[in-house]
Amino acid sequence: MRVVSGIQPTGKPHLGNYLGAIVNYVKLQDEAHAAGGECFIFLADLHAISQPHDPAELTQNTREMVATLVACGVDPAKTVLFNQAQVPAHAELQWLLTGTARMGWLNRMTQWKDKAGKNREGQSVALFAYPVLQAADVLLYQATRVPVGEDQKQHLELARDIAQKFNNDFCAEDAPLFTLPEPYIPPTAARIMSLRDGTAKMSKSDPSDMSRINLTDDADTIMKKIKKAKTDPEPLPDTEKELEGRAEAQNLVGIYGALAGRSVADVLGQFGGQGFGAFKPALGELLVDTLAPINARFRELKDDQEALDAILARGASQAREAGSATLSGAYRALGLVR
């Protein structure tokens, strides 16, 4: 069992990152460790430069993301935690795989279409080739399990296509170089939506800070944001079916359930018939209680630059060693001499 996943160090980590990804990193880390496997979690700083960015902010955000992950329970003693830029094999393997990837495959990527919009000619080559770097990220470590959201599933399918074609074109039939990674959509992964629009994902890039709960928000800020979260005038229903079509209500009930480890039906069983005037304070208190220890640990870690850099350096060393055989195999398979 080899788990590989990455998270971009851009903006402040928020509740959607925590419930949608980080909670499951901790679970997978513990599962892999117990099974004698390995877990690789990386800060995708090479991906971050595919779009306009501030270099100083990227450095700071990378360190803060390490502090956030550790505060949330990612354990550097159990997980190889590092940033891509310290492991040149990611970029090297990406280039080696660009000879196998096809323009048509990349043109079909829905995230490329969404991010590029109408100005495709004005976008960076890095943004277009982003999925090939994602393929290199997981193929380098022979990943067997890659936690993904629905929006990233297409990119993992591309990684499998690239791996299969490379194996077919350059490897003996009985000795493929790359393991075909399997997508893993955690059953407990929550899709957290904006507090201002229940049809849009909670996002770091939303211009309104009121749209999200940042993991660094204090108790007063959390309560204020939940109090002002968009809702409708109807009380909460008694059944999940009656919640359909009420995006903001669904989102808040879903957040409560994800935090409490309870089903939506169970939450409605407690709060059905009550208005948001009663439900919002309960949700706010649950958020504060859950995030307070994470916030406190984050604040302890975030200013200890030496400790954070040491975590990244140690993880990068482990990652370089783990990926070296695959990278050398790719060079040999392509007939390149190093």
| request: List the residues whose amide H sits under 5 Å from the amide H of LYS201, counting only those 5 or more places along or on another chain, with H placed 1.01 Å from N in the peptide plane. | output: SER194
| query | By how many degrees, 0 to 90 and rounded to 10, does the Cα axis of helix 247-260 deviate from the longest principal axis of the chain? | reply | 80 degrees
| Dividing the Cα radius of gyration by the Kirkwood radius, what Rg/Rh value follows for segment 170-222? | 1.35
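For MET223, MET210, which order do you get if you count the other beta carbons within 10 Å of each Cβ and list the fewest first? Mind dumping the intermediate values first?
Numbers: MET223 18, MET210 15.
Going from sparsest to densest Cβ surroundings: MET210, MET223.
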| request: Could you please report the charge total around ALA67, scoring K, R as +1 and D, E as -1 over all other residues with beta-carbon less than 13 angstrom from its beta-carbon? | output: -1
| note | A correct Stokes-Einstein calculation for segment 209-300, using the alpha-carbon Kirkwood radius, 20 °C and 1.002 mPa s, returns a whole-number D in µm² s⁻¹ of 158 µm²/s
| said: What is the angle, in °, between the Cα long axis of helix 23-34 and the longest principal axis of the Cα atoms in the chain? Nearest 10 is fine, range 0 to 90. | reply: 50 degrees
| To the nearest 20 debye, what is the magnitude of the charge dipole of the chain about its Cα centre, counting +1 on the Cβ of each Lys and Arg and -1 on the Cβ of each Asp and Glu? | 560 debye
| task | In nm, give the distance between the simple-model label positions of LYS12 and ARG297, each being 7 Å from the Cα along the Cα-to-Cβ direction. | result | 2.0 nm
| remark: Helix 125-139: inclination vs the chain longest Cα principal axis, degrees, rounded to 10, gives 80 degrees
| said: Under 21 Å between alpha carbons: how many lysine pairs meet that in segment 84-235, if sequence neighbours fewer than 8 apart on the same chain are excluded? | reply: 19
| field | Among 51-61, 90-100, the order from most to least packed when residues are scored by Cβ within 10 Å on average | value | 90-100, 51-61
| field | Integer Hz, Karplus 6.51/-1.76/1.60 couplings in order for segment 266-278, x for Gly and Pro | value | 5, 5, 5, x, 8, 10, x, x, 8, x, 5, x, 8
| Amide H to amide H under 5 Å from GLY6: which residues, 5+ apart in sequence or cross-chain, H placed 1.01 Å off N in plane? | PHE42
| said: So for the chain, averaging the separation of alpha carbon pairs under 8 Å that are six or more residues apart and normalising by length, what relative contact order in percent results? | reply: 23 percent
| request: Search the structure for amide H atoms under 5 Å from the amide H of CYS39, placed 1.01 Å from N in the peptide plane, and list their residues when 5 or more places away or on another chain. | output: VAL3, VAL80
| Cα-only radius of gyration and Dmax that characterise the chain, units Å | 21.3, 71
| Rounded to the nearest 500, what is the chain's calculated 222 nm mean residue ellipticity when only DSSP H runs of at least 4 contribute -39500 (n - 2.57) each, over all residues? | -16500 deg cm²/dmol
| In Hz, Karplus ³J(HN,Hα) per residue of segment 66-81 (6.51, -1.76, 1.60; θ = phi - 60°; x = Gly, Pro) | 4, 4, 5, 4, 5, 4, 7, x, 5, 9, x, 7, 10, 10, 7, 10
| query | Tell me, what HN-Hα J-couplings in whole Hz come from the Karplus equation 6.51 cos²θ - 1.76 cosθ + 1.60 at θ = phi - 60° for each residue of segment 192-201, using x for Gly and Pro? | reply | 9, 9, 4, 6, 9, 8, x, 9, 10, 5
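Each reported figure results from applying straightforward, stated rules to the coordinates on display, with no laboratory input. This one's a predicted model, so the numbers in the text were calculated from it and none came from an experiment. Glycine also receives a Cβ, built like all others from the backbone with ideal geometry; neighbour counts cover every protein chain displayed.
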